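Quick one: structure below, then a few questions.
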Amino acid sequence: MGTTMQTSTGNTGSPGSPDAATDNQATEGRRDGIDHGPVTGTGRHNDHPVTVGSLSPARSQELLEAGEVGRVGWSAAHGPQIFPVSYAWYDDLIVFRTSPYGILSELGRRTQVVFEVDDLDERSHTGWSVLARGYATGIASPAQLARLWTVDGAEPWAGGIRNVFIGISVTQLTGRFFEPARHARLTTEPPAHG
């Protein structure tokens, strides 16, 4: 069950172009993808400038696959929704379980979603964030369901009946890392956390 996934580093080139493959870009997190130099903090962090850089597509994928808890967001009929879920990466899908009666069960019908996973440390101003865009849908194949019941990581934290499996097929993946500007390495790898 292969999927076509568009990856982006936040650069101005089209995904897959040589410009998009340049991963050493430090940006201010602005949507234009232009290098604006180090980011300076706001509020209580004004004296701690931060550098934001793009993660490579391969590193973004690696971090997504290794994650355990992320946030899924979508535009529901009654407004935007964002929920944390425990998840697993399985067969090219982000997979999680939910209740047939909860709001997450809306994702059983094909729905455009975003999924975010991160590791951020406020004290050291370091970390990374990966954002996946794609489509969620309920998993109904008996063969897939039989395998999914044995996959580690897709177990929900909440109790009760959680027998609806939702799979997100990723169509675009981006990632960023954050580190103090004075320690800026401008690499495509996030700083290590201890």
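The values are calculated or read from the model by the stated rules, or taken from the named source; none is laboratory data. In this text the structure is predicted, and so the values were computed from the model without any measurement. Glycine also receives a Cβ, built like all others from the backbone with ideal geometry; neighbour counts cover every protein chain displayed.
Do any strands (runs of 3 or more DSSP E) entirely within segment 45-140 hold 2 or more residues that are of a type in the set (S, T, N, Q) and within 23 Å of residue 154 (Cβ to Cβ), and if so, which?
Ranges flagged: 79-86, 111-121, 126-138.
Please name all residue pairs, on different chains or six or more residues apart, with Cβ atoms under 9 Å, provided the first residue is in segment 148-177 and is under 23 Å from residue 63 (Cα atoms) and of a type in the set (Val, Ile, Thr) and the second residue is at pLDDT below 80 and loosely packed, with under 14 Cβ neighbours inside 10 Å.
So the pair list comes out as 170/3; 171/3; 171/4.
Evaluate segment 130-153: report whether one residue or more is at pLDDT below 75 and either over 17 Å from residue 68 (Cα atoms) or surrounded by fewer than 17 Cβ atoms within 10 Å (Cβ to Cβ) (or both).
yes
If a residue has to be free of Cβ contacts under 8 Å to residues at least 12 places away in the same chain and not small (Gly, Ala, Ser) to count, how many in segment 57-79 make the cut?
Within segment 57-79, residues that are free of Cβ contacts under 8 Å to residues at least 12 places away in the same chain and not small (Gly, Ala, Ser) number 2.
Kindly evaluate residue 106 against the criterion of being over 18 Å from residue 167 (Cβ atoms), at pLDDT below 95, over 18 Å from the mean Cα position of the chain (by Cα) and among the acidic types (Asp, Glu).
Details: over 18 Å from residue 167 (Cβ atoms): no; at pLDDT below 95: yes; over 18 Å from the mean Cα position of the chain (by Cα): yes; among the acidic types (Asp, Glu): yes.
Against the criterion (over 18 Å from residue 167 (Cβ atoms), at pLDDT below 95, over 18 Å from the mean Cα position of the chain (by Cα) and among the acidic types (Asp, Glu)), residue 106 does not qualify.
Condition first: among the aliphatic types (A, V, I, L, M) and without any contact (Cβ under 8 Å) to a residue 40 or more places away in the chain. Now tell me which residues in segment 127-147 satisfy that.
Result: 140, 143, 145, 146.
Could you look through segment 159-188, keep only residues that are among the charged types (D, E, K, R) and loosely packed, with under 15 Cβ neighbours inside 10 Å, and pick out the one that is modelled with the highest pLDDT?
It comes out as 182.
Go through segment 62-117 residue by residue and tally those that are surrounded by 14 or more Cβ atoms within 10 Å (Cβ to Cβ) and aliphatic (A, V, I, L, M).
13
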